[in-house]
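The structure under discussion appears below in the form of structure tokens.
The values are calculated or read from the model by the stated rules, or taken from the named source; none is laboratory data. Fair warning: this is a prediction, and the values are worked out from it, not measured in the lab. When we count neighbours, we look across all protein chains shown, and the Cβ atoms used for this are built from the backbone with ideal geometry, even at glycine.
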Amino acid sequence: MSYVDEVIELVVKQNPAEPEFHQAVKEVLESLRAVVEANEEKYRKEALLERLVNPERQIKFRVPWVDDKGQVQVNTGYRVQFNSAIGPYKGGLRLHPSVNLGIIKFLGFEQIFKNSLTAAAIGGGKGGSDFDPKGKSDREVMAFCQSFMTELCKYIGADTDVPAGDIGTGAREIGYMFGQYKRIRGVYEGVLTGKGLSYGGSLARTEATGYGLLYLTEEMLKCNGKEIAGKTVCISGSGNVAIYAAQKAEQLGAKVVTVSDSTGWVYDPEGIDVALLKEVKEVKRARLTEYAANRPSAQYHEGRGVWTIPCDVALPCATQNELLLDDAKALVENGCIAVAEGANMPTTLEATEYLQKNGILFAPGKAANAGGVATSALEMSQNSERLSWTFEEVDSKLKNIMVNIFHNMDDAAKRYGAEGNYVVGANIAGFEKVVDAMTAQGIV
Ligand code: NDP
């Protein structure tokens with residue numbers, strides 16, 4: 001059996017009931033086959049892949065807090081510090097009822113390669129909790145965040161591990177967590193990114209993942225003789241990534257016709273009104289029915305269905321495994337030319353394969369949504385310097401980073417005879433730097 005297959009089998013055996021983690025490992029290792037085979041003896045001897053798929057440290061803790069009725073609630077908190085070969089652990093905190101160790105491990109594993117691709121000196125990590133901020137009062141969210149940080153603060157720091165936002169963790173949650181960290185540790189440092197502008201946040205961090213997704217998509221289309229202007233775009237999700245992806249797509253001359261949330265989706269043939277979407281989601285924290293009620297051209301549908309709408313470009317920006325094989329078939333049938341992942345692992349392995357086989361340009365999340373963490377790294381630099389850069393400065397650095405990521409993955413794919421396969425390219429480009437650093441640092 002090949003080394004890659006052996007390690008995939010080992011991961012499934014050693015981590016039962018963690019299907020998302022198996023899926024992420026499989027996707028990465030399968031596409032590294034050519035590199036691994038070229039170095040098989042050395043990698044085997046050094047157990048390089050076994051070390052890569054085992055987190056350096058995983059922390060699981062109790063998070064007790066008191067709700068508005070005086071009832072004590074107990075959630076579970078996680079931080080997986082996956083790989084620090086190229087820098088301090090960096091990766092978001094997800095607050096969603098579906099969170100479990102396997103999901104945090106899949107996200108942490110992906111983060112290693114994504115962070116490497118950004119060219120910033122940051123390692124891979126991820127964390128979160130099964131707490132659901134939806135429907136909670138501000139006081140309840142604060143109580144949870146303070147309890148969560150009371151434990152987490154023992155393991156993080158500006159030079160060791162720097163968490164950020166993710167699903168369910170926005171500016172409000174980061175603020176409460178930062179306050180508690182500072183209070184307990186007694187240091188004012190850039191321990192979290194995605195902070196508010198008044199206390200060390202970076203301009204353009206809020207927009208970064210969505211904007212970055214469009215910068216990379218634009219470059220991918222350009223290098224394949226196409227352009228984003230005039231294209232019809234379907235987006236799923238209506239959170240941080242989706243909103244700013246829609247905004248940048250429209251700024252670049254495309255028309256965005258869908259968005260979704262966990263209960264339904266909107267088709268708006270006139271083009272999504274981003275200002276209204278922001279009002280509904282960021283200010284009122286309401287459902288998409290509210291968007292449809294205020295927009296005569298919009299049709300609201302319950303359940304799933306975004307990918308049935310004909311489009312040129314599809315941008316899944318909600319969550320993992322939301323674009324399935326049938327969705328991929330519908331996209332191909334309707335003439336879609338490109339899919340770029342705003343979310344982490346939104347496309348299943350079989351859907352990805354189908355899209356690629358049918359000639360769709362496919363940009364994997366670890367490259368396409370890396371703008372968020374890249375800008376978090378820029379926030380860390382500003383914190384270290386005690387300086388704040390302008391929006392334009394950050395945005396132009398972000399654009400450069402995304403264009404470079406595209407070319408790095410494109411070049412890596414070409415080097416290994418897989419031209420146009422950006423999944424292979426992104427994984428190889430991310431892997432090479434991490435492996436080099438791991439090898440140089442000895443058996444640790
Ligand atoms: P948000 O919480 O702001 O938004 C998430 C969106 O996805 C919401 O519209 C939510 O709907 C929807 N959603 C969440 N879970 C499900 C589900 N199980 N089924 C259907 N819809 C769902 O998160 P972000 O926009 O920050 O994150 C979206 C994705 O992008 C995630 O995969 C995240 O890991 C990834 N990402 C985020 C980055 C960032 O900077 N924020 C950086 C890189 C990747 P509802 O409101 O109804 O729950």
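Quick rundown of the values:
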| quantity | calculated |
| --- | --- |
| Some residue of the range 195-209 being part of a helix (DSSP H, G or I), in contact with a strand residue (DSSP E or B) (Cβ under 9 Å, 6 or more places away or on another chain) and buried (at least 19 other Cβ atoms within 10 Å of the Cβ) | yes |
| Residue in the range 129-139 that is touching a Gly at 6+ places or on another chain (Cβ under 8 Å), buried (at least 24 other Cβ atoms within 10 Å of the Cβ) and either in the same structural domain as Ala363 (by TED's automatic domain parsing) or under 30 Å from Glu432 (Cα atoms) (or both) present | no |
| Selected residue (only one of Ala286, Ala275 is surrounded by fewer than 15 Cβ atoms within 10 Å (Cβ to Cβ), assigned to a loop (DSSP other than H, G, I, E, B) and without any contact (Cβ under 8 Å) to a residue 40 or more places away in the chain) | Ala286 |
| Extreme residue, farthest from Asp312 (Cα to Cα), among residues of the range 259-284 that are away from the ligand (no atom under 13 Å from the Cβ) and not aliphatic (A, V, I, L, M) | Glu279 |
| Residues satisfying the stated conditions in the range 199-236, i.e. on the phi > 0 side of the Ramachandran plot and out of contact with any Leu (no Cβ under 7 Å at 6 or more places or on another chain) | Gly200, Gly225, Gly230 |
| Filtered residues of the range 371-415 (kept if of a type in the set (Ser, Thr, Tyr) and surrounded by fewer than 18 Cβ atoms within 10 Å (Cβ to Cβ)) | Ser381, Ser384, Ser388, Thr390, Ser396 |
| Test: residue in the range 222-240 that is within 12 Å of the ligand (Cβ to nearest atom) and part of a helix (DSSP H, G or I) | yes |
| Near pairs, Cβ below 8 angstrom, 6+ apart or cross-chain, from the range 44-62 (in a strand (DSSP E or B)) to any residue that is among the acidic types (Asp, Glu) | Phe61/Glu151; Arg62/Glu151 |
| Residue that is nearest to the ligand (Cβ to nearest atom), among those in the range 93-140 that are hydrophobic (A, V, I, L, M, F, W, C) and not in a helix (DSSP H, G or I) | Leu95 |
| Single residue of Lys69, Lys60 found to be touching a Ser or Thr at 6+ places or on another chain (Cβ under 7 Å), of a type in the set (Lys, Arg) and farther than 30 Å from Met1 by Cα | Lys60 |
| Qualifying residue in the range 334-344 (condition: in a helix (DSSP H, G or I), touching a residue at least 24 places away in the same chain (Cβ under 8 Å), in contact with a strand residue (DSSP E or B) (Cβ under 7 Å, 6 or more places away or on another chain) and not small (Gly, Ala, Ser)) | no |
| Index of the failed condition, Tyr199 passing every other in (1) aromatic (Phe, Trp, Tyr); (2) more than 24 Å from Pro346 (Cα to Cα); (3) touching a helix residue (DSSP H, G or I) at 6+ places or on another chain (Cβ under 6 Å) | (3) |
| Close pairs from the range 380-403: first over 25 Å from Gly123 (Cβ atoms), partner at pLDDT 95 or above and not in a helix (DSSP H, G or I), Cβ under 8 Å, at least 6 apart | Ser388/Ser202; Ser388/Leu203; Thr390/Leu203; Phe391/Leu203; Phe391/Ala204; Asp395/Ala204 |
| Where Trp307 falls short, out of the listed (1) assigned to a loop (DSSP other than H, G, I, E, B); (2) over 22 Å from Asn408 (Cα atoms); (3) of a type outside the set (S, T, N, Q); (4) in contact (Cβ under 8 Å) with a residue 40 or more places away in the chain | (1) |
| Top-ranked residue in the range 301-317 [being surrounded by fewer than 24 Cβ atoms within 10 Å (Cβ to Cβ) and farther than 18 Å from Met220 by Cα; ranked as farthest from the ligand (Cβ to nearest atom)] | Pro310 |
| Of the criteria (1) crowded, with 17+ Cβ neighbours inside 10 Å; (2) more than 12 Å from the ligand (Cβ to nearest atom); (3) under 27 Å from Gln320 (Cβ atoms), which one Tyr181 fails | (3) |
